[in-house]
Amino acid sequence: MSELTNVLLVDDNSKYLKDALPFYGYEVTSVCDGVQALKELSRNNKFDIVLLDVMMPNMDGWQTLKAIRSAEKTKDLPVIMLTAVNEDQKMVSGLKIGADDYIIKPFILPNLLARMEAVLRRSRRSGKPSETLANQPCTDILTSKEKEVLQMISKGASNKQIADKMFVKEVTIKTHLNSIYKKLKVENRTQAVLVAMQTDLVK
C-alpha cells in the first residue's frame with residue numbers, strides 16, 4: 001500500500017494482531033476495552049477501520065459498537081467484530097446494530113486480511129452503490145419463500161419459529177436455508193443476513 005491504512009484494534013488480548021498487521025501495510029493503534037476505544041476515536045480522526053473484540057472488560061464489543069454508530073463522527077466507520085462466540089443470533093444482532101462483518105476466533109490471518117480489504121473497499125466505494133455491490137452475490141436469484149425465510153432470520157427467528165409461521169416442517173426451512181447459502185455463496189445464516197443487508201434486501 002502506498003499509504004498506510006490506520007486500524008484501531010480494540011481487544012484485551014491483542015499482541016498477535018498488533019505485531020502481525022504492520023507487516024501487511026497497516027498502522028495499528030491498540031486499546032484494551034471499549035471505553036479506551038471511544039476516547040481514542042473522540043480525539044483522533046485518522047482511523048480507516050476498527051477491529052472490535054466482543055468479550056472485553058468495562059465495556060463489551062456490542063456496547064462499544066452502539067456508541068460508535070450513534071456518534072456523528074464515527075457512524076460510518078467500518079467495524080469488524082472479533083468473537084470467540086459462534087452464536088448466530090448474537091451475530092445477527094451485531095449486524096443489525098451496524099457491524100460491517102464479523103470473524104470467529106481463532107481465525108487464520110489471511111482470512112481476516114481478506115475480510116478487512118473487502119470492508120475497506122465497500123467503504124471507499126460507498127458513494128457508488130453499483131460498484132459497491134458489483135462483486136457481491138445477487139439476492140434477486142432467491143425465490144419469494146427464500147426471501148421470506150431470510151427476512152425472518154434477520155430478525156433473529158429460529159428454524160422452528162420460521163417453520164411455525166410458514167406452516168411447514170422444520171426440515172423444509174433447512175432445505176430453504178441450504179438453497180440460500182448456495183445461491184448467495186455463504187456458509188451460514190449470519191453471513192446470509194450480512195449479504196442481504198448489504199444488498200438492501202433486509203433493513
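The values are calculated or read from the model by the stated rules, or taken from the named source; none is laboratory data. This structure is a prediction, so every number in the text was calculated from the model and none was measured. Every residue, glycine among them, receives a Cβ derived from its backbone with ideal geometry; neighbour counts consider all protein chains shown. Note: areas computed on protein heavy atoms with side chains; ligands, DNA, RNA excluded. Shrake-Rupley method; radii C 1.70, N 1.55, O 1.52, S 1.80 Å.
Results, tabulated for the structure shown:
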quantity	calculated
All positions within segment 151-185 that are open to solvent by 80 Å² or more (accessible area, probe 1.4 Å), farther than 19 Å from Met197 by Cβ and in a loop (DSSP other than H, G, I, E, B)	Phe167, Lys169
Check on Val7, closer than 22 Å to Ala118 by Cα, open to solvent by less than 70 Å² (accessible area, probe 1.4 Å), touching a Pro at 6+ places or on another chain (Cβ under 9 Å) and outside any loop (DSSP other than H, G, I, E, B)	no
Of all residues making up segment 122-150, the number that are modelled with pLDDT under 85, assigned to a helix (DSSP H, G or I) and over 14 Å from the mean Cα position of the chain (by Cα)	8
Breaking point among (1) at pLDDT 90 or above; (2) under 21 Å from the mean Cα position of the chain (by Cα), for Thr190	(1)
Hits in segment 186-195 - residues which are part of a helix (DSSP H, G or I) and in contact with an Asp or Glu (Cβ under 8 Å, 6 or more places away or on another chain)	Arg189, Thr190, Leu194
In segment 28-65, the residues that are open to solvent by 60 Å² or more (accessible area, probe 1.4 Å), in contact with a strand residue (DSSP E or B) (Cβ under 9 Å, 6 or more places away or on another chain) and over 16 Å from Ser123 (Cβ atoms)	Gln36, Lys39, Met55
Residue within segment 66-79 that is at pLDDT 90 or above, surrounded by 18 or more Cβ atoms within 10 Å (Cβ to Cβ), farther than 23 Å from Leu109 by Cβ and touching a strand residue (DSSP E or B) at 6+ places or on another chain (Cβ under 8 Å) present	yes
Of all residues in segment 14-27 being open to solvent by 30 Å² or more (accessible area, probe 1.4 Å) and touching a residue at least 12 places away in the same chain (Cβ under 8 Å), the one that is farthest from Pro106 (Cα to Cα)	Glu27
